[in-house]
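Colleague: Provided herewith is a single structure, encoded as structure tokens, for subsequent inquiry.
The values are calculated or read from the model by the stated rules, or taken from the named source; none is laboratory data. This one's a predicted model, so the numbers in the text were calculated from it and none came from an experiment. Positions of Cβ are generated from backbone atoms using ideal geometry, with glycine treated the same way; all protein chains shown enter the neighbour counts. To get the accessible areas, we keep the full protein, side chains included, count just its heavy atoms, and leave off ligands, DNA and RNA. Shrake-Rupley method; radii C 1.70, N 1.55, O 1.52, S 1.80 Å.
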Amino acid sequence: MGVAESLGSMVKAFPQARLVAFADLSSRMILASAGPMSVTQEHLDRLCNAARTSFDDPLFSLSVGAFGEPHCAVVMGPDSVRLFLRSDTEPADALCCICDPGIDLAAFVPKIRETLESITHGG
Amino acid sequence: MNNTTLPILARLSSLQADIRVLPGGARVIAEAHDRNPVARLLRAANETMLARSLEFVSSAGPALTLDVAGRRLLRLTASHGLAGAESCLGSEVLEDEQKDDLIKLLQALAVPGKELRVISGPIGRGGAEVSVGLPVALLADLLLIDLNDVGAEEPEHEAGDVASPAPDRAAIRFSGRSIADFATGIGPVLVAWLSRGGQDDGRSEGPEEMVSHLRDFLDDEHAAVIGQLDLMSAQEGDPVCLMLGVTLIDGHSLVCARLHGTVLLGVIEGGGSQAALSAWRGLMA
């Protein structure tokens, strides 16, 4: 399954995921995205920057010291829930999601983890 | 559309296009009717930002494998059924003087009328750190190929905003609620927390050992935490909450939230991230 197809299947399976995007955090680029939310390139850039910031100091170091290296982050604002997941094996590979606040994290996170690792290993 | 966004749009357009995947993981990048399969090959290489080994296989039989990273062709690692590959195969890193030989190989491989497939795999020889090789754009220029062929379609424009509400709207929505309400809303899965600044300054709950660790951290890093939260907000000072964990659905996770100038730092256990999500949602209700 290709990248776009993998992302599309996540959006189909979880309608509360309004955007699922594959990013290369090292180059600060969203490489592909899927979902009903229409976004501009500026939004995608901002989403990618938020992902990088989530996995940055000082809170990153606190988490590493206390619980181990974090691979998952949720950022909640007044209007949105953004969920970022980094690959276990390729730290630059990440999925960036914009979800409705009612998203079921226990169901969603393992599935996007699978999707991310599949994309990372499938190239 | 300007020159800066063109490569990005081309990449998005390409990645979102319909693709055909064959058994074994091969992806068809050029059909028999494609007029310029070399362009397809170069675009596939150009879209490969992370270090990968790309094996290009023609339905006519020949194949070659290139290590690719960051829009550069690092080296040729294998060639089958193509004459004249020896000079490129012998190089640890492709050099400028080899570009003509490489172009001949690509043209011999990607011939019109034949299907061209690519199989992506892990890079062979630690090429992720190599920053040299031949830029794909250089080969494209020599072959008069436009790598950023996005067609006539313009990208769909936004219908709504991603995460940038007007600050006054956010303030109204959260009025009357405090960071302590958020902590209460999360419930017992918030095993330790403390707050700093604003009306809830100095509040804490949980085992003293954990709270003191959080307090020491905020003593040292309060300004940096504020800066990190600002970077994730549409406007400085906006309400925002970050949860950070190995998985977020088991084990322990950090929660750091800001509301009305008060910062909460705490530890959530187990699947408490869902409770935090609900509590945050509750603040907006």
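Colleague: Taking the conditions exactly as written (without any contact (Cβ under 8 Å) to a residue 40 or more places away in the chain, open to solvent by 60 Å² or more (accessible area, probe 1.4 Å) and of a type in the set (Gly, Ala, Ser)), does A:Gly65 satisfy them or not? So that I can check it myself, show each step before the final result.
Modeller: Details: without any contact (Cβ under 8 Å) to a residue 40 or more places away in the chain: yes; open to solvent by 60 Å² or more (accessible area, probe 1.4 Å): yes; of a type in the set (Gly, Ala, Ser): yes.
Yes: the conditions hold for A:Gly65.
Colleague: For segment A:66-77, does any single residue satisfy the condition of being at pLDDT 90 or above and more than 9 Å from chain B (Cβ to nearest Cβ)?
Modeller: no
Colleague: Okay, moving on. Scan segment B:121-154 for residues that are at pLDDT below 85, surrounded by 19 or more Cβ atoms within 10 Å (Cβ to Cβ) and not in a loop (DSSP other than H, G, I, E, B) and report the count.
Modeller: 1
Colleague: Quick test for you: out of A:Leu7, A:Leu47, A:Leu59, pick the one residue that is open to solvent by less than 10 Å² (accessible area, probe 1.4 Å) and more than 7 Å from chain B (Cβ to nearest Cβ). If you could, list the steps in order and put the result at the bottom.
Modeller: Details: A:Leu47 fails: more than 7 Å from chain B (Cβ to nearest Cβ); A:Leu59 fails: more than 7 Å from chain B (Cβ to nearest Cβ).
Answer to the check: A:Leu7.
Colleague: Taking segment B:189-204, which residues are surrounded by fewer than 16 Cβ atoms within 10 Å (Cβ to Cβ) and not in a helix (DSSP H, G or I)? Can you show your working first?
Modeller: If we filter segment B:189-204 for residues that are surrounded by fewer than 16 Cβ atoms within 10 Å (Cβ to Cβ), which is where we start, we get B:198-199, B:201-202.
Within segment B:189-204, B:Asp201, B:Gly202 meet the criteria.
Colleague: Among the candidates A:Leu62, A:Leu85, which residue alone is under 11 Å from the mean Cα position of the chain (by Cα) and within 30 Å of B:Asp216 (Cα to Cα)?
Modeller: Just one listed residue meets the conditions, A:Leu85.
Colleague: Please count how many residues of segment A:1-27 are in a loop (DSSP other than H, G, I, E, B) and within 13 Å of the chain's Cα centre (by Cα).
Modeller: Within segment A:1-27, the subset in a loop (DSSP other than H, G, I, E, B) is A:1-2, A:14-16, A:25-27.
Okay, now just the ones that are also within 13 Å of the chain's Cα centre (by Cα), so A:25.
Qualifying residue count for the region: 1.
Colleague: Conditions first: (1) touching a strand residue (DSSP E or B) at 6+ places or on another chain (Cβ under 7 Å); (2) part of a loop (DSSP other than H, G, I, E, B); (3) within 30 Å of B:Ala26 (Cα to Cα). A:Asp88 passes all but one, so which condition is the exception?
Modeller: (1)
Colleague: Please tell me if B:Asp230 is more than 7 Å from chain A (Cβ to nearest Cβ), out of contact with any strand residue (DSSP E or B) (no Cβ under 7 Å at 6 or more places or on another chain) and open to solvent by 50 Å² or more (accessible area, probe 1.4 Å).
Modeller: So B:Asp230 fails the test.
Colleague: Inside segment B:260-271, can you point out the residues that are surrounded by 18 or more Cβ atoms within 10 Å (Cβ to Cβ), farther than 17 Å from A:His71 by Cβ and more than 10 Å from every other protein chain (Cβ to nearest Cβ)?
Modeller: Within segment B:260-271, B:Thr262, B:Val263, B:Leu264, B:Gly266 meet the criteria.
Colleague: Ok, one more. Pairs, please: C-beta under 8 Å, at least 6 apart or cross-chain, first residue farther than 24 Å from B:Gly133 by Cα and of a type in the set (Lys, Arg) and in segment B:24-46, second at pLDDT below 85 and not in a helix (DSSP H, G or I)?
Modeller: Every condition considered, the pairs that remain are B:Arg27/A:Gly2; B:Arg27/B:Ile19; B:Arg27/B:Arg20; B:Arg27/B:Val21; B:Arg35/B:Pro112.
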